[in-house]
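Asks: Here you go, one structure.
The values are calculated or read from the model by the stated rules, or taken from the named source; none is laboratory data. The structure displayed is predicted, hence computed values, not measured ones. Don't worry about glycine lacking a Cβ; one is built from the backbone with ideal geometry, like all the others, and counts go over all protein chains shown. Areas reflect the complete protein model, heavy atoms only, side chains present, ligands, DNA and RNA absent. Shrake-Rupley method; radii C 1.70, N 1.55, O 1.52, S 1.80 Å.
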Amino acid sequence: AILDGRDVLGLAQTGTGKTAAFALPILERLLDGDLGDPRALVIAPTRELAEQINDHFLQLGRETDLRTVALYGGVSKNPQIEALRDGVEVVIACPGRLLDLAGEGHIDLSGVEVTLEAELALGQAFDDPGAFDVADVASDDVLNVRTGPGTGYAVDVTLPPDGTGIWS
């Protein structure tokens, strides 16, 4: 479904391979096309998860020319800005740093083909769970993410131990 640009909702327990399940089709989709500009955006709630996802993309895509960057706060943004200038195809970002860098003009997401919200990142990243969601990001003029045909939203959700509570 990701390869076809259709929306996907993934729901599974921790340790079942969710990251590979979304990373492999994203990497395959990005193999055809230009290099150097962000074409996939993965939004994560914490820097630890952003780094973990970035590591998975690096491992799975090691035989390709695709490049990734993890964007998150609490560290200097200069290396992140440098990576963006050098060119990346996959951006894994926490919402706050993503908004900062976009607002400063360091990242152009107009070519993003696939947007993935990892672990309900956007709702968990703010005090108000409804304050920030992937649909808002995609239509936000600040981020300038184009939407429409070919833009798939995949949501990676870890199943709570009791299997309830996600939409309650």
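Asks: Considering only residues that are farther than 15 Å from residue 38 by Cα and touching a strand residue (DSSP E or B) at 6+ places or on another chain (Cβ under 8 Å), which ones fall in the range 95-111?
Replies: Matches in the range 95-111: 95, 97.
Asks: Then there is this: Could we say that residue 91 is closer than 19 Å to residue 117 by Cα and among the aliphatic types (A, V, I, L, M) here? Outline the logic, then answer.
Replies: Values: closer than 19 Å to residue 117 by Cα: yes; among the aliphatic types (A, V, I, L, M): yes.
For residue 91, the condition - closer than 19 Å to residue 117 by Cα and among the aliphatic types (A, V, I, L, M) - is met.
Asks: Checking the condition surrounded by 12 or more Cβ atoms within 10 Å (Cβ to Cβ), of a type in the set (Lys, Arg) and modelled with pLDDT of 90 or more, which residue from 39, 85 passes? Don't jump to the end; show me each part of the working.
Replies: Working: 85 fails: surrounded by 12 or more Cβ atoms within 10 Å (Cβ to Cβ).
Of 39, 85, the one residue that is surrounded by 12 or more Cβ atoms within 10 Å (Cβ to Cβ), of a type in the set (Lys, Arg) and modelled with pLDDT of 90 or more is 39.
Asks: Yes or no: the range 1-19 includes at least one residue that is modelled with pLDDT of 85 or more and either outside any strand (DSSP E or B) or open to solvent by 50 Å² or more (accessible area, probe 1.4 Å) (or both).
Replies: No, the conditions are met nowhere in the range 1-19.
Asks: If residue 58 meets every condition in (1) of a type outside the set (Val, Ile, Thr); (2) at pLDDT below 95; (3) assigned to a helix (DSSP H, G or I) apart from one, which number is that one?
Replies: (2)
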